[in-house]
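K.L.:
One structure follows; several queries about it will come next.
Just so it is clear, none of the values below were taken in a lab; they were calculated from the coordinates. Because the structure is a prediction, the values reported are computed rather than measured. Neighbour counts run over all protein chains shown; Cβ positions are idealised from the backbone, glycine included.
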Amino acid sequence: MRSAVSVLLMGILGVPAFCAQSQTDSFRPPAVPLVTVDPYMSVWSFSDNLYDSWPVHWTGQVHAMAGMIRVDGKTYRFMGPDVVCPTAAKQTQLTVQPTATTYLFEAGPVQLRLHFVTPMLPSDLAMLSAPVTFVWFQVNAMDDQPHKVTIYFDASGEWVINDAKQEIVWQRMPKPVAGTQFVSMGSAQQPVLEKAGDNLRIDWGYFYVGVPTEGDNRIVVAPHGVREQFIRTGSIPETDDARMPRPANDDWPVIAAVMNLDVPADRGNSCMMTLAYDDLFSIEFLGQKLRPWYYKAFGGFVPMLEQCIKKNPQEVFMNRCPFDYNLLADARKIGGKEYADLVAISYRHVWASGKIVMSPDGSEPWFFHKECFSNGCMATVDVSYPAAPFFALFSPALLNGMCAPIFEYARSEDWTFDFAPHDVGTYPKGNGQSYGRNREGKLRFESQMPVEECGNMILMTAAGVKASGNTDFAKRYWDLLSRWAGYLKEKGLDPENQLCTDDFTGHLAHNVNLSLKAINAIGAYAMLCEKMDKPQEARQYRAAAKEMARQWQKMADDGDHYRLAFDKPGTWSMKYNLVWDEILGLDMFDPQIARTEIAYYLKIQNAYGLPLDNRADFTKSDWLVWCATMAEKKSDFEALIHPLYRFVNESPDRMPFSDWYFTSTAKVRGFRARPVIGGIFIPFLKDDKTWKSYAEKADQP
């Protein structure tokens, strides 16, 4: 619990009180974001207390960080398991906010407030793309007495390799950057963009740890036994270990730092550490290696570090505070405190599911996400689609940048179908769709998602146009949008036996929810035609969509709900695709359809949520929120969200927010850390004023 002393500390250190607002006391995130930048620089705590276990990559592989605080000669650990130090400080509070995670510890007479801040602010695309997390240590005395305090931190070579047997090297930056001394570590081999796959860690580029040159601070590379030296003496070696290259598991070299934070009786003390990763090249697209966007925004890695650090440490913290506060306040207005907690744990999760890079011609930012713990595909259209509300809200430019690679690939010789592709490759190598290829490397029609992906691309483009008010992007790819709209007009009302985004349920003919997507996409295409001064096409497609919607209501009706498949009475399913009718203002469907579905969902949901359909007990977190968004009453929204909140809070499976789990047991069925969690933000789009207030603040390159 937050004490009066800690509240006072907020004022002493210049931190406004709203920055310290905590979640509900009983809330327990399934995983706590620590250093979350992209799919490779993504480190979490899977424990209730930061000192219960090692921090891990989102895949569950150890990315060790150790933290200790020495107070008047006695050492306590605050991060890492008991092998770091047998005595733990007492963790008294954990707060996860959109851009920061804060832990509060008591170490004898001293209180430590530890912040992991990744300043991902949509109003600053350069900073948003910067691969930097700041670790801010704040200490104060709880007994009004002075104390000698030293902070110890280290990070292991596991950050820079995929396999602990791989060799690593290290070096010092020749001179400080913005008053910060850095040590870097990387793999000896540097196989840049050589590996592609799902359950992989990066093994190229360089990880940097920096501490201020001011004060009695020191940073070195040493074997992990340096922790024992710190416990005994309060110090670490003055020179780096010279034995390299060597495997990461050979006496486990770490970048270790100590910072003196002696505490006077009348005030606190603080210090900020910088963690950064230079991946050199981030993505390969159609044979071309792409640089991260910050190379263009800042002119390179070192200039990026310099500009980020030059911001006063308190300024970095303070600038993101109003954003976090306002976002969570809006979330509470939309769906209550439980929904706000879901928003808080999802924000950095979504940004860290992908990478902002320079487009092939270097002119615009593209966002490539990874289909984490699914199959490792990249820029997957039916993963972009559930993530789209997040980008439509916070960065319309990056929503376009998420769609652009698909449009460009669809124009390549590799893609020969008259419908939209599924993906562009396996992360991080986007050299052609990987999903649905046979042993000879040819794409199989039966493994495609024709109606699904055509509908997704049109709806995402339409959302981007509404968010930005600009049609330039749609004009650039109008030939493909028109082709795919025509495909849906012909085949969308009663889809053939094919896959949809919920491909884990298998092929399904006459899919009622998939038909909804097609109809809304045709309506969205008509909307685009209107905005692009094509009145005849707009009337034609709008009339077609309205007629299809009329037929849909009759074909899908099953009394007090609507069916899973047109030819299967007595079945039901989530109708999450219906939500776009209201969000885009299409006016395709009778509002009574949504009312009927919501009433039915409230009757049949389980302890941990509404199942996806009648065939199984599992659900999808993203689709559940989409369905709840169709509710007219806040109380109904909250009633549908509460079981999802319970899943997040009570699931025995510790991992970043999963989108596929069992609604009766809260056990995860599969998937973790996926970009689809961006779908959690779709309620923000329901009110045009709220949507506009965020989209207008987004940095447009």
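K.L.:
For semi-axes √(5λ) of the Cα gyration tensor in Å, which listed value, [x] 45, 27, 22; [y] 64, 28, 22; [z] 68, 28, 21, comes from the coordinates shown?
P.N.:
Label of the calculated value: [x].
K.L.:
Sticking with this one: So what's the gap between the Cα centers of the range 409-478 and the range 642-681, to the nearest angstrom?
P.N.:
27 Å
K.L.:
Can you give me the distance in nm between label points at Ala639 and Lys475, each placed 7 Å from the Cα along the Cα-to-Cβ direction?
P.N.:
4.8 nm
K.L.:
Would you compute, from DSSP H runs of 4+ residues alone, the mean residue ellipticity of the chain at 222 nm, taking -39500 (n - 2.57) per run and dividing by the full residue count, rounded to the nearest 500?
P.N.:
Details: 18 runs with 239 residues, N = 701.
Computed ellipticity for the chain at 222 nm equals -11000 deg cm²/dmol.
K.L.:
If R₀ is 60 angstrom, what is the calculated FRET efficiency for the pair Thr416 and Thr213, using the beta carbon separation as r and rounding to 0.05? Mind showing how you got there, number by number?
P.N.:
Numbers: r = 58 Å, r/R0 = 0.97.
Step by step, r from the Cβ atoms, then E = 0.55.
K.L.:
Okay, next question. For Cα pairs less than 8 Å apart in space and 6+ apart in sequence, what is the mean separation divided by the residue count of the range 306-413, i.e. the relative contact order in percent? Don't skip to the end; give the middle numbers.
P.N.:
Numbers: 80 pairs, mean separation 16.7, N = 108.
Contact order relative to length: 15 percent.
K.L.:
May I pose another question? Work through the residues other than Asp503 whose Cβ is under 10 Å from its Cβ and net out their charges, Lys, Arg +1 and Asp, Glu -1. Please report the intermediate quantities before stating the final value.
P.N.:
Numbers: positive: none; negative: Asp382, Glu452, Asp502.
Neighbour charge sum, excluding Asp503 itself: -3.
K.L.:
May I pose another question? Net charge within 15 Å of Ser363 by Cβ-Cβ distance, Lys/Arg positive one each and Asp/Glu negative one each, not counting Ser363 itself?
P.N.:
-1
K.L.:
Based on the mean of other beta carbon atoms within 10 Å per residue, what is the order of 162-173, 425-436, 44-55, 644-655, most packed first? Intermediate results must be reported in sequence, preceding the final value.
P.N.:
Working: 162-173: 17.1, 425-436: 23.4, 44-55: 20.8, 644-655: 18.7.
Result, highest mean Cβ count within 10 Å first: 425-436, 44-55, 644-655, 162-173.
K.L.:
In addition: How big is the gap, in Å, between the Cα center of the range 71-95 and the Cα center of the range 492-529?
P.N.:
For the range 71-95 versus the range 492-529, the Cα centre distance is 53 Å.
K.L.:
Can you list, bin by bin at 5 Å, the percent of alpha carbon pairs in the range 543-701, starting at 0?
P.N.:
Using 5 Å bins, I get a P(r) of 2, 9, 17, 20, 18, 16, 11, 6, 2, 0, 0 for the range 543-701.
K.L.:
Further question: Per residue of the range 565-581, in order, report the coupling 6.51 cos²θ - 1.76 cosθ + 1.60 (Karplus, θ = phi - 60°) as ³J(HN,Hα) in whole Hz, putting x for Gly and Pro.
P.N.:
Result, ordered by residue: 9, 4, 9, 10, x, x, 10, 8, 7, 5, 10, 4, 5, 5, 4, 5, 4 Hz.
K.L.:
For the range 346-409, compute Rg over Rh where Rg is the Cα radius of gyration and Rh is the Kirkwood radius from the inverse mean 1/r over Cα pairs.
P.N.:
Numbers: Rg = 11.0 Å, Rh = 11.8 Å.
Using Cα coordinates only, the ratio equals 0.93.
K.L.:
Here is a further query. Under a 5 Å amide H to amide H cut-off, with H placed in plane at 1.01 Å, what residues pair with Leu261 once short-range neighbours are removed?
P.N.:
Val149, Thr150, Ile151
K.L.:
Next question. Ranked highest first by the average count of other Cβ atoms within 10 Å around their residues, in what order do 326-332, 564-570, 532-538, 292-298 fall? Walk me through the numbers on the way to the answer.
P.N.:
Numbers: 326-332: 18.3, 564-570: 16.7, 532-538: 13.0, 292-298: 23.7.
For the peptides 326-332, 564-570, 532-538, 292-298, the packing ranking is 292-298, 326-332, 564-570, 532-538.
K.L.:
Evaluate the relative contact order of the range 30-109 (contact order divided by residue number), counting alpha-carbon pairs under 8 angstrom at least 6 apart; express in whole percent.
P.N.:
On the way: 160 pairs, mean separation 16.5, N = 80.
Relative contact order for the range 30-109 comes out at 21 percent.
K.L.:
Tell me the relative contact order for the chain as a rounded percent, counting alpha carbon contacts under 8 Å between residues six or more apart.
P.N.:
It comes to 13 percent, rounded to a whole number.
K.L.:
How large are Rg and Dmax for the range 20-147 when only the alpha carbon atoms are used, in Å?
P.N.:
Rg then Dmax for the range 20-147, in Å: 15.2, 45.
K.L.:
Let me ask another. What ³J(HN,Hα) values, in whole Hz, does the Karplus curve 6.51 cos²θ - 1.76 cosθ + 1.60 give for the range 665-677 when θ = phi - 60°, with x put for Gly and Pro?
P.N.:
So the Karplus estimates, Gly and Pro as x, are 10, 6, 7, 6, 7, x, 6, 7, 6, 8, x, 4, 4 Hz.
K.L.:
Next question. For the range 147-163, just list the computed ³J(HN,Hα) in residue order, Karplus coefficients 6.51, -1.76 and 1.60, θ = phi - 60°, integers in Hz, with x standing in for Gly and Pro.
P.N.:
Result, rounded to whole Hz: 9, 8, 10, 10, 9, 10, 9, 8, 9, 8, x, 4, 5, 10, 9, 8, 10.
K.L.:
Amide H to amide H under 5 Å from Leu290: which residues, 5+ apart in sequence or cross-chain, H placed 1.01 Å off N in plane?
P.N.:
Residues meeting the criterion, in which the H sits 1.01 Å from N, are Ser282, Ile283, Glu284, Phe285.
K.L.:
Loop only by DSSP, 12 or fewer other Cβ within 10 Å of the Cβ. Give me the GluC sites (Glu not before Pro) in the range 558-632 that pass, ordered by residue number. Show your work: numbers first, answer last.
P.N.:
Working: sites: Glu582, Glu597, Glu632; in loops: Glu632.
In loop regions of the range 558-632 (DSSP not H, G, I, E or B), the sparsely surrounded GluC sites (Glu not before Pro) are Glu632.
K.L.:
A further question follows. Residues with amide H under 5 Å of Asp124's amide H, sequence separation 5 or more or different chain, H placed in the peptide plane at 1.01 Å from N; which?
P.N.:
Asp699
K.L.:
By the scheme Lys and Arg +1, Asp and Glu -1, what is the net charge of all other residues having a beta-carbon under 10 Å from that of Ile255? Before the final figure, lay out the partial values.
P.N.:
On the way: positive: none; negative: Asp154, Asp240.
Neighbourhood net charge equals -2.
K.L.:
Under the classification rounded if a/c is under 1.5, otherwise prolate if a/b is larger than b/c and oblate if not, where does the range 418-540 fall, given a ≥ b ≥ c as square roots of the Cα gyration tensor eigenvalues?
P.N.:
Oblate is the answer for the range 418-540, as a/c is 1.5 or above yet b/c matches or exceeds a/b.
K.L.:
Next up: How large is Rg/Rh for the range 293-450, to two decimals, with Cα atoms and a Kirkwood Rh?
P.N.:
On the way: Rg = 18.7 Å, Rh = 17.9 Å.
Across the range 293-450, the Cα-based Rg/Rh ratio is 1.05.
K.L.:
Another question, then. Determine the equivalent ellipsoid of the range 134-274 by diagonalising the alpha-carbon gyration tensor, then write out the semi-axes as square roots of 5 times the eigenvalues, largest first, rounded to whole Å.
P.N.:
32, 16, 14
K.L.:
Counting just the Cα atoms, what span does the range 240-325 cover along each of its three principal axes? Round to the nearest Å and put the largest first.
P.N.:
Taking max minus min along each principal axis of the Cα atoms, the range 240-325 gives 60, 41, 23 Å.
K.L.:
Same structure again: Let me know the whole percent of all Cα-Cα pairs from the range 183-226 that are separated by more than 12 Å. Kindly include the intermediate steps, with their values, before the conclusion.
P.N.:
On the way: 676 of 946 pairs.
Above the 12 Å cut-off, the range 183-226 has 71 percent of its Cα pairs.
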